[in-house]
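This report refers to the structure that appears directly beneath it.
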Amino acid sequence: MEFFDVVNSMGHEQVVLCSDPVTGLRAIICIHNTSLGPALGGTRMWKYESDQAALTDALRLSRGMTYKAAVSGVNLGGGKAVILGDPRTDKNETLFRAYGRMVETLRGRYITAEDVGTSVRDMEWIRMETKYVTGVGGPGGSGDPSPVTALGVFSGMLASAKKMWGADTLSGKKIVVQGAGNVASYLISHLTDAGATVYVSDIYEEKAVNVAKKTGASVIKASDVFTTKCDIFSPNALGGILDDDVIPQLTCSIVCGGANNQLKSEQKHAQMLHERGIMYAPDYVVNSGGLMNVASEVDGYEQSKVMRQAEGIYDITMNILNISADRNILTIDASNAIAEERLAKLRHVHGTYVGSPTIRGV
């Protein structure tokens, strides 16, 4: 499929290819939809196997941000960016400042934040070149969004448990958590505090060991993450893991985690989960706490308000699960329908966003 065919097929407004030979910057910024406001979404840094893989990831992630904002009631559009490189070895100030200048050229159509492979420090480097960045430290900044993301995933998991087993408790449940990053670490703390038995795995085993020591979880091998018997499987690493090979191996009743784009093919693999009797909590719904956190900086950050919003993901998730059951449709179709209805209602009011937002404190 040709480049523009790929972009148009997903409904994107703008794709920006960023290159700076001096710093080695190679990045892609995707703006999916700005009907609700400027596009907000994190910048991911990853060592992609190809440029095409990076573009595909950015396109899918930015589309997910549009739906995430719409279904969670946030008045922002959907965008996402990826920087091609190894986050363990290729980071430096000049690279991120060069990227910040690229973000600045968009004049507020895209506001960035941290994501997989980036940190608060990286956002502060970007802030040296543009005000269109959230998730920074200091006065007016929300800092690391991981605690809020984790609270939202936990809230969505409680709603899923209520729908599946009749009680919003995780006490005594066995939960496998894939990934041992910041979100997973905070999530596991919630889970163990709630009385769940948690197993954690990561491709970098030392990360899983460190999280297990802090939280009381048990470490399992990355090769066992899909086959370990459990009640809930929680993906919290990269996306695209639920595919033809993995789904038949799952032993869980619920899939609920913080990773974006967990379904390799949205319709096909949501249907496969449904046919196996596995409840899928749409990822962009339960992980929307991170968006709520960084979005709050646009109007002035208030942590207590954001935490209440993240807890509200329980009700949002329950509504989607109820609609799915009542209409006999997939959970992903129920959440997509809610998001698309809101976008359709407001698209004629806002159209395409062209202005520059005012971010307090900058």
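Values quoted throughout were computed directly from the atomic coordinates according to the rules given, and no laboratory measurement underlies them. For clarity, every value in this text was computed on a predicted model and none was experimentally measured.
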HN-Hα couplings for region 164-174 via Karplus (6.51, -1.76, 1.60; θ = phi - 60°), in whole Hz with x for Gly/Pro, come out as 7, 10, x, 8, 8, 9, 10, 4, x, 7, 9
HN-Hα couplings for region 224-235 via Karplus (6.51, -1.76, 1.60; θ = phi - 60°), in whole Hz with x for Gly/Pro, come out as 9, 5, 8, 9, 5, 5, 7, 8, 9, 9, 10, x
With region 1-101 reduced to its Cα atoms and the Debye formula applied, log10 I(q)/I(0) at q = 0.14, 0.15, 0.21, 0.23 1/Å amounts to -0.53, -0.60, -1.04, -1.15
Fraction of alpha-carbon pairs in region 208-362 farther than 29 Å apart, rounded to whole percent, equals 30
Ranked by GNM mean-square fluctuation in the chain (Cα springs under 10 Å), the top entry among Val183, Val82, Val74 is Val74
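Would you kindly give the portion of the calculated P(r) for region 124-241 that falls above 21 Å, as a percent of all Cα pairs?
Details: 2934 of 6903 pairs.
Percentage above 21 Å: 43.
Let me have the relative contact order for the chain, percent, based on Cα pairs under 8 Å that are six or more residues apart. Don't skip to the end; give the middle numbers.
On the way: 808 pairs, mean separation 65.9, N = 362.
So the answer I get is 18 percent.
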Going residue by residue through region 86-92, the Karplus relation 6.51 cos²θ - 1.76 cosθ + 1.60 with θ = phi - 60° gives ³J(HN,Hα) values, rounded to whole Hz and with x marking Gly or Pro, of 8, x, 8, 10, 9, 6, 6
Taking placed amide H atoms and a strict 5 Å upper bound, the residues 5 or more places from Arg276 or on another chain that come that close are none
What the 20 Å binned alpha carbon P(r) of the chain shows, as percent of pairs per bin from 0, is 31, 60, 8
Spelling it out for Glu114: with amide H atoms placed in the peptide plane at 1.01 Å from N, the residues 5 or more places away or on another chain with amide H under 5 Å from its amide H are Thr43
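Tell me the mean residue ellipticity at 222 nm calculated for the chain from its helices only (DSSP H runs of n ≥ 4, each -39500 (n - 2.57), averaged over every residue, nearest 500). Don't jump to the answer; show the numbers that get you there.
On the way: 13 runs with 161 residues, N = 362.
Per the formula, -14000 deg cm²/dmol.
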Long-range amide H partners of Leu40, meaning residues 5 or more apart or on another chain whose placed amide H is closer than 5 Å, are Gly77, Gly78, Gly79, Ile111
